[in-house]
Amino acid sequence: MTDLFLNIDTNAINWARAQFALTAIYHWLFVPLTLGLAVIMGICETMWYRKRDTFWRDTAQFWQRLFGINFAMGVATGIILEFEFGTNWSNYSWFVGDIFGAPLAIEGIVAFFMESTFVAVMFFGWKKVSAGFHLASTWLTGIGATISAWWILVANAWMQYPVGCEFNPDTMRNEMVSFFEVALSPFAVGKFCHTVISAWIIGAVFVIAVSSWYLLKRREERLAKASIRIAAVVGLVASVGAALTGHVSGQQVAKVQPMKLAAMEALYNGGTDQGLTAVAWVNPFSQPDYEKQDAAPLKIDMPYALSIMATNDPHGFVPGINDLLNGYTAPDGHREPSIEEKIERGKIAITALADYRKAQKSGESKEVLDSHIKTIKENMPYMGYGYVKDRHDIVPYIPVNFWAFRLMVGLGCLFIVFFTVMTILSFKIPVVSITVRRLLATFGLLPETEADSYNITGLPAWHYIVAIALLPLAYIASESGWLVAEFGRQPWTIQDMLPTWVAVSDISSYAVAITFFIFLFLFTLMLGIEIRIMLKQISRGPEYTK
């Protein structure tokens, strides 16, 4: 850790990153549907508990079966994901294991234990426990899954914004000094709210897609209509909530990860009165020459919107990529050092740490040791920069961040419109629904004869097809959000503290490459099996009580 020039196998770093990304992407295909379906099935069973209509119990059991299939797959990929911290990122695990391991341990001991216990009661306890206890078990299964997500997101948020820790030069590790700072940091709370609410969108879109297929086939109409009503409301609340929590997350990124925000916006040169880019031409296949370009070509922005998002002030200062590379002094007097200054101070911290270790072994006086410790503490915030050789390594890959962010936001706006229309139609709100239908008829999207009808089962087939087609778009939006979060953090495993090439294990690139393709085959096989089982269960339909 104290060597300025580490012997790094570049291929090992790339394969380790690729393998972790592969596992995380596949894992996140299962997790959001688990969180989203938990809300839907909980509402359905609550309706049964209140009305004691067996239709609602049958509906709850149907969505619970789909939940169970997806839940099992999520557990399998999640376990592999955690093991990769030890196999591929052992330096990272050793350096910050005292901090990062705590939320993961709590997730496994408390949250996962909780959800795995109550999921058994939920599936097998219908005739063995009281209705109230079973309802509680269903909700506690969903709450357990959400708490599990909380601790995992706390761990991820700490990597984005490391707080509540202190470097110990004697152990050469970062150690936790405040559990509550780690667990309740604003970044963790914001990430949790945005991520979980976004997962509800996927659950709602999934339920509407399955229900639309039933309506398209003219079967299970009561279940389909009831489920669409619930999912439409959940989806509308979640899509609006995702927009609001996304705004809060954007402000937090602006404060603690300004380079990520600059990459998301392709903002090369910042300043005050910054507009939010609506569209610009950023070549998706190559890093732009941000040092020579003033702005991305064909840029169209919304005046003052970026300053408002980042600072709550239309005239607020937002630094660009070049500002962060060259250093700047903000209008409020805050001075940000240049990358070269940070690199130099990082090297000072690393050298002082090495000198401290040598002085300790040679039995130097307390005054000498204290002098080294003082130098380490003064420069510790920049220690990670000491391993950076090229200033351009600090800039994340702009095209991925720029386009993934716009894809996420654009699809988020689409889902707000979609859930609004579905809520109007499914609840048969006469005035608004007829207005929407007449507008569709005006553009030839609905027969004139049906313009004054507002029964959701009377929609033309293409409406249901569109609802089904939106399901993969929901996953694309969700994965795009994670691409921004993780690609925007590069080159850091831990923001400003530990670059990826220092965090990786000393392992052969061939070994990681081989396991990458093994995992690719296994995960793809698992996904195919899940889709097949899910489609078979959907085709089979609910089992109604006779």
Between helix 90-106 and the chain: long-axis angle, C-alpha atoms, 0 to 90°, nearest 10: 40 degrees
Gained length - Glu344 relative to Ala18, 0.36 nm times residue gap less alpha-carbon distance: 114.3 nm
Ordering of 135-144, 288-297 by burial proxy (mean other Cβ atoms within 10 Å per residue, highest first): 135-144, 288-297
Total formal charge among the other residues, if their Cβ is under 15 angstrom from that of Ala280, Lys/Arg +1 and Asp/Glu -1: -2
Estimated FRET transfer efficiency when R0 is 22 angstrom, pair Val177-Lys358 (beta carbons, to 0.05): 0.25
The chain: angle of helix 366-379 to the longest principal axis, Cα-based, in degrees nearest 10: 50 degrees
For segment 164-318: rounded, prolate or oblate by the Cα gyration tensor [a/c cutoff 1.5]: oblate
Solvent-accessible area, 1.4 Å probe, carbon plus sulfur percent, for the chain: 65 percent
Å² of accessible area per residue within the chain, as computed with a 1.4 Å probe and no ligands counted: 45 Å²
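If you take the square roots of the eigenvalues of the alpha-carbon gyration tensor of segment 313-370 and sort them as a ≥ b ≥ c, do you get rounded (a/c under 1.5), prolate (a/b over b/c) or oblate? Working shown, then result.
Values: a/c = 5.84, a/b = 3.11, b/c = 1.88.
Prolate, since a/c reaches 1.5 and a/b exceeds b/c.
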When the convex hull of its Cα atoms is projected in every direction, mean area for segment 101-222 (nm²): 10.5 nm²
Reach of Lys374 by Cα under 30 Å, taken over lysines that are not fewer than 8 positions away in the same chain: Lys255, Lys342, Lys347, Lys358, Lys361, Lys366, Lys389
Computed helical MRE - 222 nm, the chain, DSSP H runs ≥ 4 contributing -39500 (n - 2.57), nearest 500: -23500 deg cm²/dmol
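Highest mean first, how do 94-101, 418-425, 194-201 rank when packing is the count of other Cβ atoms within 10 Å averaged over residues?
Result, highest mean first: 194-201, 418-425, 94-101.
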Three-way shape label, segment 475-537, alpha-carbon gyration tensor, a/c 1.5: oblate
Degrees, to the nearest 10: 186-216 long Cα axis against longest axis of the chain: 30 degrees
Most to least packed among 336-345, 365-374, 507-516 [average Cβ atoms within 10 Å]: 336-345, 507-516, 365-374
Relative contact order (percent, whole number), segment 302-396, Cα cutoff 8 Å, 6+ residue spacing: 26 percent
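The values are calculated or read from the model by the stated rules, or taken from the named source; none is laboratory data. Only a predicted model underlies this, so the values are computations on that prediction, with no experimental measurement involved. FYI the Cβ positions are ideal-geometry reconstructions off the backbone, even for glycines, and counts take in every protein chain you see. Protein only, heavy atoms only, side chains kept; ligands, DNA and RNA dropped before computing areas. Shrake-Rupley method; radii C 1.70, N 1.55, O 1.52, S 1.80 Å.
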